[in-house]
Amino acid sequence: MPSYQEIYEHHADRYDELVDREDCENHLGQWLDGALSSPPSLVVELGCGTGRLTRMLAKHATILRAYDGYPHMIERAQQVAALQNVTYKVSDNASLPEAKHVADAIFAGWTIGHLTGLFPNDWKSRVEAVLDGMDRIAKNDARVVIIETLGTCVDAPSPPNERLGAMYELLESQRGFRCDTISTDYEFESATAAARIMGFFFGEGMAERVRMRDTSRVPEWTGIWWRAHRT
Ligand SMILES: C[S@@+](CC[C@H](N)C(=O)[O-])C[C@H]1O[C@@H](n2cnc3c(N)ncnc32)[C@H](O)[C@@H]1O
């Protein structure tokens, strides 16, 4: 099984195979429609990947600047959809090339949490550096939104491991975020496709759990942490 870095460097097409099947009832799209009912002029997105969330956000924004640390993911996003109001650029989440107080809304989807896996000893300071960077570019009252997993192939929402749980606790108790929980189940063509595609991204243990369920639908839970920024 490839590492996340290998996937983001070389296998954007297979990543897309997974996220194309995610959130089959469009609960995230519905949340965004409610949250962005007065459309923000400039949206900045961190860790845009192959552009799934980007495409949902683009319809709400006048201008959307989407960043990802891996050029291969951005190339795929550009191939999938060239959108007039979206520009893509390579940047690490911790060093966005944006001026102070420019963004009306800032989104980071399933990207900040990676720091807890990559840096078990100093994930906290790295997460805080990304959060500080988001605050730096936010206008007063800007909507700041962080989307992360609350579990895949499980029947109830819960942080999938201790460090992610600690990161979510930090968002809520120290950084003023509130969390909305939604289901974002996957729907695949078959139970066999579900195990193959989920296994590629999440590993053999996940493939086995999906095989045990033996259904084309795999449950998933997602947390949306949001707040209005005050300068
Ligand atoms: C799970 S994917 C999520 C992609 C996209 N937001 C989506 O909804 O499908 C995580 C993304 O974060 C990017 N990423 C991971 N660490 C990063 C970092 N430190 N700086 C910038 N991008 C990063 C990866 O390249 C990948 O595209």
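Below is a table of values for the structure above.
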item	result
Matching entry among ARG52, ARG14 (being over 28 Å from ALA138 (Cα atoms) and charged (D, E, K, R))	ARG14
Residues that are among the acidic types (Asp, Glu) and open to solvent by less than 50 Å² (accessible area, probe 1.4 Å), drawn from the range 129-174	ASP135, GLU148
Sole exception among (1) among the charged types (D, E, K, R); (2) away from the ligand (no atom under 15 Å from the Cβ); (3) at pLDDT 95 or above for LYS59, by number	(3)
Condition check for THR116: within 16 Å of the ligand (Cβ to nearest atom) and touching a residue at least 60 places away in the same chain (Cβ under 8 Å)	no
Per-region count, the range 188-231, residues without any contact (Cβ under 8 Å) to a residue 24 or more places away in the chain and either open to solvent by less than 40 Å² (accessible area, probe 1.4 Å) or outside any helix (DSSP H, G or I) (or both)	4
Pair list, Cβ under 8 Å, 6 or more apart: the range 97-112 residue touching a residue at least 60 places away in the same chain (Cβ under 8 Å) and assigned to a loop (DSSP other than H, G, I, E, B), other residue small (Gly, Ala, Ser) and near the ligand (Cβ under 8 Å from one of its atoms)	TRP110/GLY47; TRP110/GLY49; THR111/GLY47; THR111/GLY49; ILE112/GLY47
Odd one out for ASP122, checked against (1) without any contact (Cβ under 8 Å) to a residue 12 or more places away in the chain; (2) closer than 21 Å to ARG21 by Cβ; (3) within 14 Å of the ligand (Cβ to nearest atom)	(2)
Checklist (1) open to solvent by 50 Å² or more (accessible area, probe 1.4 Å); (2) over 14 Å from CYS48 (Cβ atoms); (3) within 10 Å of the ligand (Cβ to nearest atom) applied to ASP92, failing item	(2)
The range 62-89: number of residues that are open to solvent by 40 Å² or more (accessible area, probe 1.4 Å), hydroxyl-bearing (Ser, Thr, Tyr) and within 13 Å of the ligand (Cβ to nearest atom)	1
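The values are calculated or read from the model by the stated rules, or taken from the named source; none is laboratory data. Everything quoted here is computed from the prediction, not taken from an experiment. Positions of Cβ are generated from backbone atoms using ideal geometry, with glycine treated the same way; all protein chains shown enter the neighbour counts. Note: areas computed on protein heavy atoms with side chains; ligands, DNA, RNA excluded. Shrake-Rupley method; radii C 1.70, N 1.55, O 1.52, S 1.80 Å.
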